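Note sheet for the following structure.
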Amino acid sequence: MGAVGLLVSDFIMSFMWVWSGVLIKIFVYKILGLGHEPSGEVIKCVLLIINMFFFAFLAKSTKGGAYNPLTVLAGAISGNFSHFLFGVGARIPAQVIGSISGVRLIMDSFPEVGLGPRLNVDIHRGALTEGFLTFAIIIISLGLTTKIPGSFFMKTWISSVSKLTLHILGSDLTGGCMNPASVMGWAYARGDHITKEHLLVYWLAPAKATLLAVWIFKLVVRPIKEEKASMKSKSE
């Protein structure tokens, strides 16, 4: 897929992502009327995993489309400089615009849904929380790409369950978002998208955690690969 097609895919997928979370909550809490009962939470978790499978399929179908800037950033810092510039300068803004557009339409259609995730702890704890959650999911994603390169179902299953678990762990503190574009959409709707809390907790901390995760993964995995290659050449 060309550069323009990738940008369109990022925009549409980001738009759809913010909508999907809201529609799942409306379905469980309003249509089914389960509120926050255990059965309602179980159904919501199942639907969220199915939703992540759907978006993984979209990413595969579009040959790289993404709704999360951290996914783009992790790939961008592993490529050449032009790839980095395209990811940071074009793809991430497309995702942010898609999320903002999606949230604005949500607020016009369902004003009762609320105003998205909020920071419920102090700024430093929030930054540590989002940073840790991001670090964990990036390490898991990189590990799955290396260890299970061809199995779409298994990779998506492990990734989806991991994301959901980390989201639940951080939901009471920061919302457990691990997606700066999605949070930006809601913050823009509230008018606090340029505050220190938003930028530090939902952008700077996840970005630094992504860089750290990619660096550590390369540091650990590359020597292992080189050692295996050396052992193989010696045996031959």
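Could you say which residue among 65, 40, 75, 35 is closer than 30 Å to residue 215 by Cβ and surrounded by fewer than 18 Cβ atoms within 10 Å (Cβ to Cβ)?
The match here is 75.
Within the stretch 203-219, being open to solvent by less than 20 Å² (accessible area, probe 1.4 Å) and either closer than 10 Å to residue 134 by Cα or not in a helix (DSSP H, G or I) (or both) holds for 205, 206, 209, 210, 213. One residue stands out in the stretch 110-124 among those that are surrounded by 14 or more Cβ atoms within 10 Å (Cβ to Cβ) and in contact with a Leu (Cβ under 7 Å, 6 or more places away or on another chain): the one that is nearest to residue 210 (Cα to Cα), namely 123. When residues in the stretch 56-76 are screened for being aliphatic (A, V, I, L, M) and either in a loop (DSSP other than H, G, I, E, B) or closer than 15 Å to residue 13 by Cβ (or both), 6 of them pass.
Return yes or no: is residue 92 of a type in the set (Val, Ile, Thr), more than 14 Å from residue 7 (Cβ to Cβ) and within 16 Å of the chain's Cα centre (by Cα)? Against the criterion (of a type in the set (Val, Ile, Thr), more than 14 Å from residue 7 (Cβ to Cβ) and within 16 Å of the chain's Cα centre (by Cα)), residue 92 does not qualify.
Going by what's in this entry, would residue 53 be described as surrounded by fewer than 20 Cβ atoms within 10 Å (Cβ to Cβ), assigned to a helix (DSSP H, G or I) and touching a helix residue (DSSP H, G or I) at 6+ places or on another chain (Cβ under 6 Å)? The answer is yes for residue 53.
The sole residue among 98, 131 that is closer than 28 Å to residue 62 by Cα, under 16 Å from the mean Cα position of the chain (by Cα) and open to solvent by less than 30 Å² (accessible area, probe 1.4 Å) is 98. I'd like to check something: does the stretch 119-138 contain any residue that is in contact with a Phe, Trp or Tyr (Cβ under 7 Å, 6 or more places away or on another chain), modelled with pLDDT under 95, closer than 13 Å to residue 177 by Cβ and not in a helix (DSSP H, G or I)? Within the stretch 119-138, not a single residue is in contact with a Phe, Trp or Tyr (Cβ under 7 Å, 6 or more places away or on another chain), modelled with pLDDT under 95, closer than 13 Å to residue 177 by Cβ and not in a helix (DSSP H, G or I). Being under 16 Å from the mean Cα position of the chain (by Cα), basic (Lys, Arg) and surrounded by fewer than 17 Cβ atoms within 10 Å (Cβ to Cβ): is that true of residue 30 here? Judged against the criteria, residue 30 is not a match.
Taken over the stretch 154-177, the residue count meeting the criterion of being closer than 26 Å to residue 122 by Cβ and basic (Lys, Arg) is 1.
Could you tell me whether the stretch 91-112 includes any residue that is of a type in the set (Gly, Ala, Ser), farther than 19 Å from residue 22 by Cα and modelled with pLDDT of 95 or more? Scanning the stretch 91-112, I find at least one residue that is of a type in the set (Gly, Ala, Ser), farther than 19 Å from residue 22 by Cα and modelled with pLDDT of 95 or more, so the answer is yes.
The values are calculated or read from the model by the stated rules, or taken from the named source; none is laboratory data. No experiment lies behind these values; they were computed from the predicted model shown. All Cβ positions, even for glycine, are placed from backbone atoms using ideal geometry, and neighbour counts span all protein chains on display. For the accessible areas, the whole protein counts, side chains as well, though only heavy atoms, and no ligand, DNA or RNA atoms are used. Shrake-Rupley method; radii C 1.70, N 1.55, O 1.52, S 1.80 Å.
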